[in-house]
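*Asks:* What follows is a structure written as structure tokens; I'll ask about it next.
Computed from the coordinates by the stated procedures, all read-outs in this text should not be read as laboratory data. Just so it is clear, the structure is predicted and the values come from calculations on it, not from any experiment. Neighbour counts run over all protein chains shown; Cβ positions are idealised from the backbone, glycine included.
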Amino acid sequence: MVRPVRKAVFPVAGLGTRFLPATKAMPKEMLTIVDRPLIQYAVEEAQAAGIEELILITGRGKTVMADHFDHSFELAQVLKDRGKTEALKQITDLLPEPGQMSFIRQQQPLGLGHAVWCARNFIQGEPFAVILADDLILAKPGVLTQMVEAYNEVGGNVVAVEDVPRQYTNRYGILDVESDDGRLARAKGLVEKPDPSVAPSTLSIIGRYILQPEVFDHLAKKERGAGGEIQLTDAIAKTIGTVPFHGYRFMGERFDCGQRRGFIEANIAFAMQVDDLRDQVIELLRKYA
Ligand code: UTP
């Protein structure tokens, strides 16, 4: 019996340099797809997967995110007075239970591994999930729900993976695969951003992880990896041999919303899922094609 995943960490302290100036004063996780910010999609995905505690690792723009998930008495009152019941429901439905969401300042953007390490005292020796909200995934059920199901079978560390064209291996953490049944790939190694000529496979890690707390032993050493940053993948790689490690090929479509193309594509794809928007989107695309 594997230990349940009850906590999720949302690192939202990156600089978002690929999407400046939009991300100058606000975290990229507040960028909006159709009608809600990326972080809201991520939180909803975690809640649907049974996550009870949500830990946001913030940098700049902490206030806007805390406000988004907090009561807004004034706005709620105005909506109530004006009889805008649907709008009122939209802003109250997204509120986490009191005490369910915590915020930790990363203080310095030293890398994803460092951001996750900042959550160590909240995790307290349990397995936990990490969700990178800028990797938005259109999937039913949500990808974390799919991963929890896979994790319940194999335990250990489970990361979401997808095949990428070989020329792009230098953008991702890449698995060195030992065995692969098409859904779960057991890995014997992991390399961060390898050159296409030396990449051990084309199976790349995307922004969803289920991790065992042993990863903190390695993150604590604060070793710098690719790009001079403290890399989460380096710490995961060091646990291979002591903790089982699997890549899970998720069902769904991923959009890298940390840059323009993925953000625009996600807006189109998610709008096409909304009944009263679909036809309008098609019409608009025709108009501007
Ligand atoms: P990225 O690799 O996308 O980096 O981070 P970035 O700085 O956010 O964006 P670019 O590349 O400069 O455009 C992956 C995830 O890790 C978080 C980011 O917020 C994002 O969710 N992160 C990254 C942190 O929380 N802290 C860091 O120090 C670095």
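*Asks:* Please state which one of Ile230, Ile282, Ile240, Ile268 is within 16 Å of the ligand (Cβ to nearest atom) and not acidic (Asp, Glu). Reasoning before the result, please.
*Replies:* Values: Ile282 fails: within 16 Å of the ligand (Cβ to nearest atom); Ile240 fails: within 16 Å of the ligand (Cβ to nearest atom); Ile268 fails: within 16 Å of the ligand (Cβ to nearest atom).
It is Ile230.
*Asks:* So, one more: Out of segment 196-208, which residues are among the aliphatic types (A, V, I, L, M) and either within 16 Å of the ligand (Cβ to nearest atom) or assigned to a strand (DSSP E or B) (or both)? Spell out the reasoning first.
*Replies:* Filtering segment 196-208 for residues among the aliphatic types (A, V, I, L, M) gives 198-199, 203, 205-206.
If the condition is that a residue be among the aliphatic types (A, V, I, L, M) and either within 16 Å of the ligand (Cβ to nearest atom) or assigned to a strand (DSSP E or B) (or both), then Leu203, Ile205, Ile206 are the ones that fit.
*Asks:* Could you list all residues from segment 104-121 that are surrounded by 15 or more Cβ atoms within 10 Å (Cβ to Cβ) and either assigned to a loop (DSSP other than H, G, I, E, B) or away from the ligand (no atom under 14 Å from the Cβ) (or both)?
*Replies:* Residues of segment 104-121 that are surrounded by 15 or more Cβ atoms within 10 Å (Cβ to Cβ), as a first pass: 104, 106, 109-120.
Once the filter is applied, which keeps residues that are surrounded by 15 or more Cβ atoms within 10 Å (Cβ to Cβ) and either assigned to a loop (DSSP other than H, G, I, E, B) or away from the ligand (no atom under 14 Å from the Cβ) (or both), segment 104-121 yields Gln106, Pro109, Leu110, Gly111, Cys118, Ala119, Arg120.
*Asks:* Which of the following residues is of a type in the set (S, T, N, Q), out of contact with any helix residue (DSSP H, G or I) (no Cβ under 7 Å at 6 or more places or on another chain) and over 21 Å from Ile123 (Cα atoms): Gln47, Gln77? Can you show your working first?
*Replies:* Working: Gln47 fails: over 21 Å from Ile123 (Cα atoms).
One residue alone meets the criteria, Gln77.
*Asks:* Here is a follow-up. In segment 209-218, how many are aliphatic (A, V, I, L, M) and within 12 Å of the ligand (Cβ to nearest atom)? Quick ask: steps written out before the conclusion?
*Replies:* Initially, segment 209-218 is screened for residues aliphatic (A, V, I, L, M), giving 210-211, 215.
Retained after the next criterion (residues that are within 12 Å of the ligand (Cβ to nearest atom)): none.
Here the count works out to 0.
*Asks:* Here is a list: Glu229, Glu223, Glu192. Which entry is farther than 27 Å from Gly142 by Cα and within 19 Å of the chain's Cα centre (by Cα)? Give the steps one after another, and end with the answer.
*Replies:* On the way: Glu223 fails: within 19 Å of the chain's Cα centre (by Cα); Glu192 fails: farther than 27 Å from Gly142 by Cα.
From the options Glu229, Glu223, Glu192, the qualifying one is Glu229.
*Asks:* Within segment 209-227, is there a residue that is closer than 25 Å to Pro109 by Cβ and of a type in the set (Phe, Trp, Tyr)?
*Replies:* Yes, segment 209-227 has at least one match.
*Asks:* Take segment 264-277 and flag every residue that is within 20 Å of the chain's Cα centre (by Cα) and either of a type in the set (S, T, N, Q) or outside any helix (DSSP H, G or I) (or both).
*Replies:* Selection gives Asn267 alone.
So that you can scan it fast, the table gives a plain yes or no per residue for (1) in contact with a Lys or Arg (Cβ under 6 Å, 6 or more places away or on another chain); (2) within 16 Å of the ligand (Cβ to nearest atom); (3) not hydroxyl-bearing (Ser, Thr, Tyr):
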residue: Arg3; (1), (2), (3): no, no, yes
residue: Gly14; (1), (2), (3): no, yes, yes
residue: Val43; (1), (2), (3): no, yes, yes
residue: Arg60; (1), (2), (3): no, yes, yes
residue: Thr85; (1), (2), (3): no, no, no
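*Asks:* What are the residue pairs meeting all of these: first residue in segment 215-240, first residue closer than 16 Å to Leu175 by Cα and among the charged types (D, E, K, R), second residue part of a loop (DSSP other than H, G, I, E, B) and within 14 Å of the ligand (Cβ to nearest atom), Cβ atoms under 6 Å, and 6 or more apart or on different chains?
*Replies:* Asp234/Gly225
*Asks:* Are any of the residues in segment 63-72 within 13 Å of the ligand (Cβ to nearest atom) and under 26 Å from Val274 (Cα atoms)?
*Replies:* If we filter segment 63-72 for residues that are within 13 Å of the ligand (Cβ to nearest atom), which is where we start, we get 65.
Next cut, under 26 Å from Val274 (Cα atoms) only: 65.
Within segment 63-72 (the criterion being within 13 Å of the ligand (Cβ to nearest atom) and under 26 Å from Val274 (Cα atoms)), the answer is yes, since at least one residue qualifies.
*Asks:* Determine whether Met101 is aliphatic (A, V, I, L, M), under 24 Å from Ile210 (Cα atoms) and within 14 Å of the ligand (Cβ to nearest atom). First the steps, then the outcome.
*Replies:* Numbers: aliphatic (A, V, I, L, M): yes; under 24 Å from Ile210 (Cα atoms): yes; within 14 Å of the ligand (Cβ to nearest atom): no.
In short, no.
*Asks:* Taking Met1 as meeting all but one of (1) within 23 Å of Glu265 (Cα to Cα); (2) free of Cβ contacts under 8 Å to residues at least 60 places away in the same chain, write down the number of the exception.
*Replies:* Exception for Met1: condition (1).
*Asks:* Residues being buried (at least 19 other Cβ atoms within 10 Å of the Cβ), part of a loop (DSSP other than H, G, I, E, B) and within 16 Å of the ligand (Cβ to nearest atom): count how many of those fall in segment 243-263.
*Replies:* Here the count works out to 2.
*Asks:* Restricting attention to segment 16-41, which residues are in contact (Cβ under 8 Å) with a residue 40 or more places away in the chain and within 12 Å of the ligand (Cβ to nearest atom)?
*Replies:* The answer is Gly16, Arg18, Phe19, Lys28, Glu29, Leu31, Leu38, Ile39.
For every residue, the table says whether it meets (1) in contact with a Leu (Cβ under 7 Å, 6 or more places away or on another chain); (2) under 26 Å from Lys222 (Cβ atoms).
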| residue | (1), (2) |
| --- | --- |
| Cys118 | no, yes |
| Gln124 | no, yes |
| Leu132 | no, yes |
| Asp135 | no, yes |
| Met147 | no, no |
| Ala150 | yes, no |
| Asp163 | yes, no |
| Asn170 | no, yes |
| Lys188 | no, yes |
